[in-house]
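Remarks on the structure that follows.
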């Protein structure tokens, strides 16, 4: 029953044009390089010379359900974080209590959304709420620029009204893994609002893999990142990782859950 309800919801909310099969941008090393720099080292609301961020400790997620459809939300959440962990090679898991978590994931409702964002992310996040459907934020370790904690707030009624529940689930956790910026140069990608699909594209798979390469350290600026990035992309090209990006994207359980 859960899977049937999920299929109906996501097919209605998530048109899947398979644009990435036509526009194979992830196969172009220069395109991948530019997309990574823009998504990982720039910020939508704060221009400047930003440093790379990523997790160094295991990601431990506590999900707080304040709305109905708990089983469906759990199935979506579990499927996506399992795929993310496999892509990045970084440990990501659910925990059963808030005090064991470093990521608070809240399924809430629109009437409580602003209060939830203020409490979990901070009052400064309220300045950038206009036009947003869901919200995520993170805090950094001051010593090494690694991500110390994060929060994801999804007002389910608002997300479903806009047909973006699945997109919120997929994008917000991917961003707090360390790819925080939306960029026109990344396409097709969940980090680009013009991309019609709501799931991880092949380009997203490559960007996430690159981020968790050991040679890229939190705190690095663009001058240090770029030569390492170029070497990684060249290796990915030689090893066939770029060519396998479509199959890696489709290997996620979310693709099978919604019938893609």
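Quick note: the coordinates plus some simple rules give every number you see, no bench work behind them. From a predicted model like this one, the values you see are computed outputs, not experimental measurements. Don't worry about glycine lacking a Cβ; one is built from the backbone with ideal geometry, like all the others, and counts go over all protein chains shown.
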Checklist entry - How do 162, 130, 80, 65 line up, fewest other C-beta atoms within 10 Å first? => result 130, 162, 65, 80
Item to check | Length gained when the stretch residue 97-residue 111 is fully extended (0.36 nm per residue, less Cα-Cα span) | outcome: 2.6 nm
Next on the checklist: What percentages make up the Cα-Cα pair-distance distribution of the chain when the bins are 10 Å wide from 0?
Outcome noted: 7, 32, 39, 20, 3, 0
Checklist entry - Exposure proxy check: 129, 177, 220 ranked by fewest other beta carbons within 10 Å? => result 129, 220, 177
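Would you list 32, 67 from fewest to most Cβ contacts within 10 Å? Numbers along the way, then the final one.
Values: 32 25, 67 15.
Exposure proxy ranking, most exposed first: 67, 32.
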Checklist entry - Say we join alpha carbon atoms closer than 10 Å with springs in a Gaussian network model of the chain; which of 159, 125, 35 then has the biggest fluctuation? => result 125
Checklist entry - Normalised by the number of residues in region 56-211, what is the relative contact order in percent for Cα pairs under 8 Å and 6+ residues apart? => result 21
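Ignoring everything except DSSP H segments at least 4 long, calculate the 222 nm mean residue ellipticity for the chain; use -39,500 (n - 2.57) per segment, divide by total residues, nearest 500.
Mean residue ellipticity, 222 nm, calculated: -13000 deg cm²/dmol.
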Checklist outcome for this item: Subtracting the Cα-Cα distance of residue 224 and residue 132 from 0.36 nm times their residue separation yields 29.8 nm
Checklist outcome for this item: Of region 204-229, those with amide N under 17 Å from the point 7 Å along the Cα→Cβ vector of residue 237 are 206-207, 210, 226-229
Checklist outcome for this item: Taking r as the C-beta separation of residue 140 and residue 85 and R0 as 25 Å, the FRET efficiency to the nearest 0.05 is 0.75
